[in-house]
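Trainee: Here you go, one structure.
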Amino acid sequence: MDGAAARGSPSPGPALLRARILTASAAALILIIGAGPALATFSPALGLRLAPWDAALQGDAARRAFAGGQQGPTLEHAHRALRVMPLDQPSLALVALRLDPLQATRALNQAASLGWRDASTNILLYRAALRENAPDVAATRIDALGRVAGAEVAAPLADSLLAYPGGLKALSGRAAHHLGTGWIPPYLATPPKSLAAIGLRSQLVAGVDADDGEWLREAVGRASEGFAKAGHPEAGLALWRETAANKALLADPLYDPQFRAFGKDAPLGSDWALSENAPAEVSPAEGGGVVIGALGAPPGRVLNQFFAPPARIALTIDWAGARDAVAAYSWSFECAKGGETPLAQTLSPAGQGWIARIDAPTPGGCALGYLILNQTQRLGDGATVTLRRIAPALGQ
């Protein structure tokens with residue numbers, strides 16, 4: 001037997017052994033470096049411990065601390081990110097928290113030059129703009145924040161800016177660029193935190209160019225939605241009457257007594273609205289009023305209008321059609337706080353039609369609600385009446 005074969009393969013030399021160890025160490029290091037960012041998806045803290053040199057992880061940690069109101073950790077992580085990447089925008093902005101006003105402004109301006117899409121940068125630039133009495137700049141940064149982070153994040157700053165001298169004008173200028181799109185409509189639909197904020201938002205909407213009817217109605221509708229969420233639907237009604245209502249159709253406490261605007265636009269404010277699942281079709285009648293055609297369906301609500309009633313609900317309703325069909329319709333009042341009250345009426349002939357009269361006290365403690373036309377009896381499919389006019393009774 002050959003001696004070399006009997007002894008087996010020779011052992012690796014020292015140089016080869018060192019090379020293998022270095023290769024294994026480099027591979028392990030690469031795995032560790034890659035593991036940090038990968039693990040950060042599941043555990044930001046663990047990822048940061050494994051890769052403290054990663055500027056992106058440090059920047060993310062700084063933003064999380066900033067969102068949680070932790071200034072110390074915010075600055076610590078932001079500084080670490082900047083040591084690795086000196087022009088990391090969010091970290092550059094967050095470091096400004098510790099600088100004197102002049103240096104902070106320089107740092108923030110440098111951060112701003114790197115783009116407009118970072119939320120924390122926009123928030124800090126907004127604060128800096130107010131310190132320097134620059135509401136136009138603050139409005140620009142709120143606009144950027146709204147587009148990046150959404151209405152819920154931008155809303156508190158927007159309301160705050162409206163109360164700042166010159167802020168209403170500045171934010172109005174930004175809102176005019178959106179024309180019904182972007183973050184402004186959702187912002188208006190968020191519930192304001194105070195009556196002062198309701199008043200300021202109303203001023204913002206009232207400043208929309210009346211010639212831009214579609215955007216104005218959109219703004220009024222969304223603001224009314226926000227006011228209602230905050231428990232003040234009456235503010236939405238007042239805003240609609242001031243801005244979007246056709247003043248020629250106001251007949252207190254009702255609007256559009258001859259239904260001249262019915263069907264022209266989506267109902268808003270106190271426009272007459274077709275009730276959901278109505279048992280009849282409703283269409284404008286020639287010369288004013290509406291034609292109501294029964295569908296043969298079970299009784300239910302047909303039309304409604306949102307309004308603020310006086311102490312007594314006193315109305316005169318002008319009908320045309322067969323008496324039995326007219327008598328199948330009656331009125332009720334539903335308080336915005338809840339609770340529906342039938343309104344007793346008397347029906348008498350008048351010329352070629354019928355007059356129904358209502359005179360009833362408004363339910364106590366109910367300053368706002370809905371006037372509702374109900375079909376109280378089932379009518380055959382195609383039974384038609386014309387509601388020509390509903391108006392406050394004489395002397396009301």
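The values are calculated or read from the model by the stated rules, or taken from the named source; none is laboratory data. In this text, all values refer to a predicted model and were calculated from it rather than measured experimentally. Glycine also receives a Cβ, built like all others from the backbone with ideal geometry; neighbour counts cover every protein chain displayed. In case anyone asks, the SASA skips ligands and DNA or RNA and just uses the protein heavy atoms, side chains included. Shrake-Rupley method; radii C 1.70, N 1.55, O 1.52, S 1.80 Å.
Trainee: What is the gain in length, in nm to one decimal, between A297 and S283 on full extension, counting 0.36 nm per residue of separation less the C-alpha to C-alpha distance?
Mentor: Value of the extension gain: 3.3 nm.
Trainee: Let me ask something else about it. Within 10 Å of each candidate Cβ there may be at most 13 other Cβ atoms; applying that plus a DSSP loop requirement, which GluC sites (Glu not before Pro) in the range 232-285 survive?
Mentor: Of the GluC sites (Glu not before Pro), the ones in loops of the range 232-285 whose Cβ has at most 13 other Cβ atoms within 10 Å are E276.
Trainee: Sort largest first and round to whole Å: the equivalent ellipsoid semi-axes of the range 228-277, each the square root of five times a Cα gyration tensor eigenvalue.
Mentor: Listed largest to smallest, the semi-axes of the range 228-277 are 19, 15, 9 Å.
Trainee: Once amide H atoms are built 1.01 Å from N in the peptide plane, which residues 5 or more positions from A336, or in another chain, come under 5 Å H to H?
Mentor: The list, which skips near neighbours in sequence, is L368, G369, Y370.
Trainee: Using the Kirkwood radius built from alpha carbon pairs, what does the Stokes-Einstein equation give as D for the range 232-360 at 10 °C and 1.306 mPa s, in µm² per second?
Mentor: 100
Trainee: Shifting gears a bit: Can you figure out the FRET efficiency of A210 with R357, using R₀ = 41 Å and their beta-carbon distance, to the nearest 0.05?
Mentor: Once the sixth-power term is evaluated, E becomes 0.65.
Trainee: With θ taken as phi - 60° and the coefficients 6.51, -1.76 and 1.60, list the Karplus ³J(HN,Hα) couplings across the range 357-371 in order, rounded to whole Hz; mark glycine and proline as x.
Mentor: 10, 10, 8, 9, x, 6, x, x, x, 10, 8, 8, x, 10, 8
Trainee: Something else about it: I'd like the carbon and sulfur percentage of the solvent accessible area for the range 273-391, probe radius 1.4 Å, heavy atoms only, ligands and nucleic acids excluded.
Mentor: 51
Trainee: Could you pull out the trypsin sites (Lys or Arg not before Pro) across the range 286-345 that fall in loop regions by DSSP (anything but H, G, I, E, B) with no more than 15 other Cβ atoms inside 10 Å?
Mentor: Hits after loop and neighbour filter: K337.
Trainee: Leaving out ligands, DNA and RNA, and with a 1.4 Å probe, what % of the accessible surface on the range 146-264 is carbon or sulfur?
Mentor: It is 55 percent, rounded to a whole number.
Trainee: Given a 1.4 angstrom probe, what's the average accessible area per residue across the range 164-318, in square angstrom?
Mentor: Ligands and nucleic acids excluded, the result is 45 Å² per residue.
Trainee: Whose amide H sits under 5 Å from the amide H of L250, counting only residues 5 or more places off or on another chain, with H placed in the peptide plane?
Mentor: Amide H neighbours of L250: D256.
Trainee: I would also like to ask the following. Quick one: Karplus J couplings for the range 251-265, per residue in order, coefficients 6.51, -1.76, 1.60, θ = phi - 60°, nearest Hz, x for Gly and Pro?
Mentor: Karplus values, whole Hz, x for Gly and Pro: 9, 3, x, 8, 10, 6, x, 9, 6, 6, 9, 5, x, 7, 9.
Trainee: Another one. Check V208: other-chain or 5+ apart residues with amide H under 5 Å from its amide H, H built from backbone geometry?
Mentor: Close amide H contacts, sequence-distant or interchain: none at all.
Trainee: How do the peptides 222-229, 194-201, 263-270 rank, highest first, by the average count of neighbouring beta carbon atoms within 10 Å per residue?
Mentor: The densest-packed peptide leads the list: 222-229, 194-201, 263-270.
Trainee: Write down the accessible area per residue of the range 356-396 in Å², having rolled a 1.4 Å probe over the full set of protein chains.
Mentor: About 50 Å² of surface per residue is accessible.
Trainee: Let me ask something additional. Give me the distance in nm between label points sitting 7 Å out from Cα along the Cα-to-Cβ direction at R323 and Q377, one decimal.
Mentor: 1.1
Trainee: Would the range 315-396 count as rounded, prolate or oblate if I go by the C-alpha gyration tensor, calling it rounded below 1.5 in a/c and otherwise prolate when a/b exceeds b/c, oblate otherwise?
Mentor: oblate
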